[in-house]
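Notes to accompany the following structure.
Read-outs: derived from the displayed coordinates by stated rules, not from any lab. Just so we're clear, the structure is a prediction, and the values are computed from it rather than from any experiment. In this analysis, Cβ positions are derived from the backbone assuming ideal geometry, glycine residues included, and neighbour counts consider all displayed protein chains.
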Amino acid sequence: MEFSKRILRVQPSQTLVITAKAAELRKKGIDIIGFGAGEPDFDTPDFVKEAAIKALKEGKTKYTPAAGIPELREGIAEKLKKKNNIEYKPSEVVVTPGAKMALYEIFAILLNPGDQVIVPSPYWVSYTEQIKLCDGEPVILELSEENGFVLTAEDLKKAITSKTKVLVLNTPSNPTGAVIPRSELEKIAEVCLENNIMIISDECYEEFCYDEEHVSIASLSKEIRDITFTVNAFSKSYSMTGWRLGWVAAPEEYIKKIIIIQSQTISNPTSFAMYGALAALKDEGKFPAMMKEEFRKRRDFVLNEFLSIEGITCPVPKGAFYVFPNITAYIKGDIKNDIDLVAYLLEEAKVAVVPGSAFGKEGYIRLSYATSMDNLKEGMKRIKEALSRLK
Ligand SMILES: Cc1ncc(COP(=O)(O)O)c(C=O)c1O
């Protein structure tokens, strides 16, 4: 049996591989501290769970429209207007099973073989693989640690070719925590308009910005809005990763095409889960604001710990819940690369982190600080001890 060329080009998600490996060791009774997971350690709020339970009891358990229940499309459009300052009609919003599927659907409606998509690196693991799954060509645009891994319009110009069709923006960024300031976003938007490039703006971490405001690129002007897909989810903001609910907002002609995909693949996002999401929208950001204050304390702690380790540099992550330290000073002897260092930390420190190479950047590791302060303190102590043994 011959598999499709498409699937043979694609790698499994490295972050999920590490999480699974740590879980396996834990099952054997080994005390592993996990810094791998990309999800808040808080439980989904009760008011969200209760709304979904109520929906279940009321029999909201059948197929819904492929684009999601109308109330939720309306609620998301309203939120985008109030919080993000972008005008979308409910018909310009589609509810998806998570942001991940939203992104896949966008690539699927836009890309033809050979179309190039600019992906600033370090990048979230799924962009490149999804682009390949849709027969497109990811073009990796290297960002520099010196500039805090923030994309600039000047960087972008250098990566554009006659085949460039789309730019992927992710602010705040997974894995670096970089947040693109408004002034730079304005310049990036201009470059995209001048070069006829569509923008996918992945704003999954918008609620977690510590030192810089979050700006949705689509809010900058009507012209920009019309070339942008604004992607977001309830996953991180309301600690609803397992619920699988996200959305895309874009001009209606694009949304209609995404709805065709949903109607022929998933049928609809899970009915009762969408009622939980409606309750999350009514909270108007209070729950994520509470998480953000906790994350801020943890970020400050982890960042200071890393900066106190000899040879390590680390840009200040201004958003999301990750730190991305440069560990090249510890790549020597038997440790040939970041993957070896991650294996060493798992074995010697019993700490699970993700290698930078999973995000297209060798010589770094990514730690998620979406875990308790106790875990962070113990984990950092173990990392420091294990690294000091390498000196
Ligand atoms: C940048 C980014 N985009 C999208 C996603 C996917 O989100 P969801 O769980 O809603 O599919 C993640 C999850 O880790 C992410 O980090």
Checklist entry - Where nothing but the Cβ of Lys and Arg (+1) and of Asp and Glu (-1) is charged, how large is the charge dipole of the range 310-357 around its Cα centre, in debye to the nearest 20? => result 200
Item to check | Contour excess over end-to-end distance, with Cα ends at E142 and L16 and 0.36 nm allotted per residue | outcome: 43.0 nm
Next on the checklist: Can you tell me the length gained on complete extension of the stretch T313 to R182, counting 0.36 nm per residue apart and subtracting the Cα distance?
Outcome noted: 44.6 nm
Checklist outcome for this item: Given a Förster distance of 41 Å, the FRET efficiency implied by the Cβ-Cβ spacing of E223 and R6, rounded to the nearest 0.05, works out to 0.75
Next on the checklist: Taking every pair of distinct Cα atoms and averaging 1/r, then inverting, what Kirkwood hydrodynamic radius in Å comes out for the range 221-270?
Outcome noted: 12.3
Next on the checklist: With the crude spin-label approximation of a point 7 Å out along Cα→Cβ, what separation in nm comes out for E50 versus N195?
Outcome noted: 5.1
Checklist outcome for this item: For V139, other-chain or 5+-apart residues with amide H closer than 5 Å (H placed, Pro excluded) are V117, I118, V119
Checklist entry - So what is the relative contact order of the chain, in percent, for Cα pairs below 8 Å that sit 6 or more residues apart? => result 23
Item to check | Debye log10 I(q)/I(0) at q = 0.08, 0.09 Å⁻¹ for the chain, Cα point scatterers | outcome: -0.41, -0.53
Item to check | Segment S91-A289, extension gain: residue separation times 0.36 nm, minus the distance between their alpha carbons | outcome: 68.4 nm
Next on the checklist: For the range 270-351, which trypsin sites (Lys or Arg not before Pro) pass both filters: DSSP loop (anything but H, G, I, E, B) and at most 14 other C-beta atoms within 10 Å?
Outcome noted: K332, K336
Item to check | Distance between modelled label sites at E348 and S267, nm, 7 Å Cα→Cβ extension | outcome: 5.3
Next on the checklist: How large is the direction-averaged shadow of the alpha-carbon convex hull of the range 1-145, in nm²?
Outcome noted: 14.7
Checklist outcome for this item: Looks like the range 327-391, by Cα gyration tensor root eigenvalues a ≥ b ≥ c and the a/c under 1.5 rounded cutoff (else prolate when a/b is bigger than b/c, oblate otherwise), is oblate
Checklist entry - R26 versus E39, label points 7 Å from Cα toward the beta carbon: distance in nm? => result 1.1
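May I ask which of K100/K236; K187/K222; K82/K222; K89/K257; K297/K391 have a Cα-Cα span longer than 18 Å here? Intermediate values should be presented prior to the final figure.
Details: K100/K236 12 Å; K187/K222 15 Å; K82/K222 16 Å; K89/K257 16 Å; K297/K391 30 Å.
Going by Cα-Cα distance, K297/K391 fall outside the 18 Å limit.
I need the semi-axes of the equivalent ellipsoid of the range 118-254: take the C-alpha gyration tensor, multiply each eigenvalue by 5, square-root it, list largest first in whole angstrom.
They are 21, 18, 16 Å, listed largest first.
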